[in-house]
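Read through the structure below, which is laid out as structure tokens, and then see the notes.
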Protein chains: 2
Amino acid sequence: MSSEQPVKKRISESTIHRLSMYFRTLSLLQKEGYETVSSKELARREKLTPAQVRKDLSFFGSFGTRGLGYDVIELKAKIGEILGIDRVWKVAVVGIGNIGSALVSYKEFTRQGFKIVKLFDNDQRKIGSNHKGIVVSDIKNLEKEIKEDGIEMIILTVPATVAQYMVDDVVRAGVKAILNFAPINLKVPPDVYLRNENMSMELEYLSFAIRNNHTPKNMK
Amino acid sequence: MSSEQPVKKRISESTIHRLSMYFRTLSLLQKEGYETVSSKELARREKLTPAQVRKDLSFFGSFGTRGLGYDVIELKAKIGEILGIDRVWKVAVVGIGNIGSALVSYKEFTRQGFKIVKLFDNDQRKIGSNHKGIVVSDIKNLEKEIKEDGIEMIILTVPATVAQYMVDDVVRAGVKAILNFAPINLKVPPDVYLRNENMSMELEYLSFAIRNNHTPKNMK
DNA sequence: AATTTCTTGTGAAGCATTTCACATGAAAAA
DNA sequence: TTTTTCATGTGAAATGCTTCACAAGAAATT
């Protein structure tokens, strides 16, 4: 029996991203030895308004104490629950090129509960090689191994030319969440979540900002 | 004498990101041999509304022909100008760890006009080593070499613990744009543009989406 | 040449997000 | 115990962004 609370309102992407930011800052506050934190202080650290912080949290419940603020450990746990990172997610990396193999050792993933447990590639020279203790599997066994290992998320770091084929394979294996690094618009069924990580876009934003003397409200 | 047109309205971050997407899709359309494209077709490919596409462009001028659409090559050039990628930007990577060295061979940067011309690290074992034809410099020479080479953007891929020191150095060297990969809130002077690339955040979004059966309007 | 078809560019409307402002209640101080 | 201080939680207002809907203009068709 599930005690899952359905989210009443439609939560915006921005709110979710800010929750991620709060979570990270709360970890830091915890390390720094703070027991409580106010929306004002949290806002200061994230360059937001206190009202924004309180509103974001209010979509999910009331976690604070008037006159005092939020309990750091408790709020961190609550946000972890909301984000679904109060557990470990098994992740596979498909495409062990430069970016793919770099991500295998990306500490921040582990820290937030994403455990890379499997690597796939189609290159015979890479298959069987070891990256941080994980042996690269043949992409041919993708469906079988993903199911066996109960992998729920995929990081896709293959060339754009083959990305769609890989997505189709991954979807066939039952995966519902894909983080795509290829600069291409991929098609997925409606029940599969797809996010695109496009690092070049961020440099383009910087380029635009310099050229236009841009002053946005929320340079994230 | 500059013929630069100041941007009248405040342009939203979303609009800039969509311009980047249009630019990429226009390159593809060009390769596919299309001479013109309508807002409808562009919208279909990006999963947006045609009105959104037209509105985005309208902030910067009118580039289309009624009844016909946009000239692919011309529009691509215009957006390139707007984004400031109608030229080559010299970029340096600071921190040649896993991510840093992976980014040196990231083709998409080159494709969009970002040329990595210098690498910096503080590790004696890395200094002098060669990555795709670029020799890693000692971080001690950062200010001098950045000025000499006319580097305008920095990709920062150092551990979070030293990121702020590196930013301070980079700012001192006169750099006005930084793309930061360290999961930490950095401080920069108001005239320096800072973007944070946080790959873990995207996985957290996926985690949230799965847990909450989230159906947002614009899964970007 | 006139008509039809198509698609842009853009005010206005509709929606979404952020900020304001204050009632509420808890803790600290007197 | 009473008063003061502080900070949350939240409707309402303000702001921002997206979509609608249509006039206008260009090309294609008759």
Worksheet, complete the sentence: Residue set B:74, B:41; condition under 23 Å from the mean Cα position of the chain (by Cα) and outside any loop (DSSP other than H, G, I, E, B); output residue B:74
Response to the item:
Scanning segment A:36-49 residue by residue, the ones that are more than 6 Å from DNA strand D (Cβ to nearest atom) and in contact with a Leu (Cβ under 9 Å, 6 or more places away or on another chain) total 6
Worksheet item: Only one of (1) in contact with a Lys or Arg (Cβ under 9 Å, 6 or more places away or on another chain); (2) crowded, with 19+ Cβ neighbours inside 10 Å fails for residue B:175. Which number is that?
Response: (1)
Practice prompt. Would you point out which residue out of B:121, B:138, B:86 is under 30 Å from residue B:54 (Cβ atoms) and among the charged types (D, E, K, R)?
Written response: B:86
Worksheet item: Picking from A:94, A:88, which residue would you name as being touching a strand residue (DSSP E or B) at 6+ places or on another chain (Cβ under 6 Å), away from chain B (no Cβ under 14 Å) and away from DNA strand D (no atom under 16 Å from the Cβ)?
Response: A:94
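When you check residue B:27 against the structure, is it away from DNA strand D (no atom under 16 Å from the Cβ), touching a residue at least 12 places away in the same chain (Cβ under 8 Å) and of a type in the set (S, T, N, Q), yes or no?
Working: away from DNA strand D (no atom under 16 Å from the Cβ): yes; touching a residue at least 12 places away in the same chain (Cβ under 8 Å): yes; of a type in the set (S, T, N, Q): yes.
Judged against the criteria, residue B:27 is a match.
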Worksheet item: Is there a residue being under 25 Å from residue A:105 (Cβ atoms), small (Gly, Ala, Ser) and assigned by TED's automatic domain parsing to the domain that holds residue B:104 anywhere in segment B:138-153?
Response: no
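Residue-by-condition table, conditions (1) within 8 Å of chain A (Cβ to nearest Cβ); (2) closer than 30 Å to residue B:183 by Cα; (3) more than 16 Å from DNA strand D (Cβ to nearest atom):
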| residue | (1), (2), (3) |
| --- | --- |
| B:51 | no, no, no |
| B:56 | no, no, no |
| B:70 | no, no, no |
| B:78 | no, no, yes |
| B:102 | yes, yes, yes |
Worksheet entry | Counted residues, segment A:114-128 - those being of a type in the set (Lys, Arg) and under 30 Å from residue A:83 (Cβ atoms) | 2
Item to complete: Select from segment B:79-115 the residues that are within 16 Å of residue B:21 (Cα to Cα) and in contact with a helix residue (DSSP H, G or I) (Cβ under 8 Å, 6 or more places away or on another chain) and list them in ascending order.
Response: B:79, B:80, B:82, B:83, B:84, B:85, B:86, B:108, B:109, B:111, B:112, B:113
Discussion item. Any residue in segment A:177-192 that is of a type in the set (Phe, Trp, Tyr) sitting within a Cβ distance under 7 Å of a residue that is not in a strand (DSSP E or B)? List the pairs, counting only those 6 or more apart or interchain.
Written reply: A:181/A:99; A:181/A:157; A:181/A:197
Response to the item:
Residues of segment A:192-220 being modelled with pLDDT of 95 or more, more than 20 Å from residue A:17 (Cβ to Cβ) and either within 16 Å of DNA strand D (Cβ to nearest atom) or more than 7 Å from chain B (Cβ to nearest Cβ) (or both), in sequence order, are A:192, A:208
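How many of the residues making up segment B:128-159 are among the small types (Gly, Ala, Ser) and in contact with a helix residue (DSSP H, G or I) (Cβ under 9 Å, 6 or more places away or on another chain)?
Pass one, segment B:128-159, residues among the small types (Gly, Ala, Ser): B:128-129, B:133, B:137, B:150.
Next, from what is left, pick out any that are in contact with a helix residue (DSSP H, G or I) (Cβ under 9 Å, 6 or more places away or on another chain): B:137.
Summing the residues that are among the small types (Gly, Ala, Ser) and in contact with a helix residue (DSSP H, G or I) (Cβ under 9 Å, 6 or more places away or on another chain) in segment B:128-159 gives 1.
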Item to complete: Return the residue satisfying two criteria in turn: it lies in segment A:162-191 and is within 19 Å of residue A:144 (Cα to Cα) and part of a loop (DSSP other than H, G, I, E, B), and of such residues it is nearest to the other protein chains (Cβ to nearest Cβ).
Response: A:176
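Every residue, every condition in (1) under 23 Å from residue A:98 (Cα atoms); (2) acidic (Asp, Glu), yes or no:
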site	(1), (2)
B:103	yes, no
B:114	yes, no
B:120	yes, no
B:124	yes, no
B:148	no, yes
B:193	no, no
B:197	yes, yes
Item to complete: Enumerate the pairs (first residue in segment A:45-68 and over 20 Å from residue A:80 (Cα atoms); second residue anywhere and more than 7 Å from DNA strand C (Cβ to nearest atom)) with beta-carbon separation below 6 Å, excluding pairs fewer than 6 apart on the same chain, so at least 6 apart or on different chains.
Response: A:49/A:43; A:50/A:39; A:50/A:40; A:50/A:43; A:68/A:36
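The values are calculated or read from the model by the stated rules, or taken from the named source; none is laboratory data. No experiment lies behind these values; they were computed from the predicted model shown. Here Cβ is always computed from backbone atoms with ideal geometry, including for glycine, and neighbour counts include all displayed protein chains.
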